[in-house]
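K.L.:
Please see the structure below; I have some questions.
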Amino acid sequence: MTTRSERVPKKMRATFDAIVALTDEFSEQQLNDEYAHLARQISAALCRKRPSPLTRGYINSWACGVIYALGSVNFLFDKTQIPHVTAGRLCEKFGISKSTGATKSHFVRKALGMVQMDPRWCLPSKLRDNPMAWMVMVDEIGCRCKKVAS
């Protein structure tokens with residue numbers, strides 16, 4: 001299993017700090033600490049890409065794209081989930097259009113290979129109930145593991 005970090009190249013530090021300031025603020029106001037932590041890791045991973053996509057575009061649109069992508073993995077837009085925020089409200093808080101937010105989110109998900117219910121980017125509090133976390137790949141064939149009662 002790969003460990004994720006918040007390490008970024010020196011030349012990307014200011015960009016990382018600016019994006020994280022926005023994602024942390026939004027997470028504190030609307031979401032929770034788990035979202036803030038994973039958003040920092042996603043931002044760092046994007047900063048480490050060569051070339052980093054974060055060097056082009058507006059900081060607020062990238063910050064929104066990070067939260068939007070993370071929310072897509074964790075069903076943030078499903079009103080039965082807690083926390084819950086609509087895509088429109090999310091984009092509005094970052095001052096961008098819904099289409100820009102969706103486009104940046106798509107780019108983030110593609111750049112990091114994120115998929116819905118991706119155990120690598122699942123909120124820790126939801127990991128136990130994530131069926132993808134209990135899949136094992138053997139020679140490209142998926143097998144379900146039994147959950148052990150705790």
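K.L.:
For segment 1-58 and segment 64-113, what is the separation of their Cα centres, given in Å?
P.N.:
Each part reduced to its Cα centre gives a spacing of 15 Å.
K.L.:
Let me ask something additional. Measure off 7 Å from each Cα along the Cα-to-Cβ vector at Lys98 and Thr80, then give the distance between these two points in nanometres to one decimal.
P.N.:
It is 2.2 nm.
K.L.:
After finding the eigenvalues of the alpha carbon gyration tensor for segment 10-117, what semi-axes result from the square roots of 5 times each, listed largest first in whole Å?
P.N.:
Over the Cα atoms of segment 10-117, the semi-axes work out to 20, 14, 13 Å.
K.L.:
Tell me the net charge near Ala21. Cut-off is 13 Å between Cβ atoms, Ala21 excluded, with +1 for each Lys or Arg and -1 for each Asp or Glu. It would help to have the intermediate numbers written out before the result.
P.N.:
Values: positive: Arg13, Arg40; negative: Asp17, Asp24, Glu25, Glu28.
Spelling it out: positives minus negatives among the neighbours equals -2.
Every number in this text was worked out from the coordinates using simple rules, so none of it is lab data. From a predicted model like this one, the values you see are computed outputs, not experimental measurements. Methodologically, a virtual Cβ is constructed for each residue, glycine included, from the backbone with ideal geometry; neighbour enumeration extends over all protein chains shown.
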